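What follows draws every value from the coordinates through simple rules; no lab data is involved. Just so you know, these numbers come straight off a predicted model, no measurement behind them.
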Amino acid sequence: MAKLKAKRFDTSAFLDDDEVVAEYLTAALEDPDPDVFLTAIGQVAKARGMGVIAEGAGLGRESLYKALTPGAKPRYDTVFKVLQSLGIKVSLTAA
């Protein structure tokens with residue numbers, strides 16, 4: 001019997017459309033665990049090119065990876081700069 005090899009699922013491979021990215025980040029932001037949102041931002045940055053996003057946010061590539069690591073506590077301005085570099089506009093609505 002042949003053994004099956006499973007590939008690790010790579011979310012970033014499917015984040016190729018601005019609307020999909022917006023829905024993905026919105027859903028992640030609704031999760032009460034902040035690590036979910038950081039991971040989602042990281043996946044979008046990976047899809048768009050981590051180096052390009054880091055440069056646009058004024059960060060080093062390694063600094064961006066560290067800021068988006070689960071458990072990290074990035075500053076608001078860091079997250080905001082990364083979102084801007086991703087071309088993401090944040091808006092709020094009443095609950």
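Cross-link check: pairs K46/K89; K3/K46; K46/K66 evaluated at a Cα-Cα cut-off of 23 Å; pairs beyond the cut-off: K3/K46. Students often forget the sequence filter, so: which aspartates and glutamates lie under 19 Å Cα-Cα from K73 once same-chain residues fewer than 8 apart are removed? Correct list for K73: E30, D31, D33, D35, E62.
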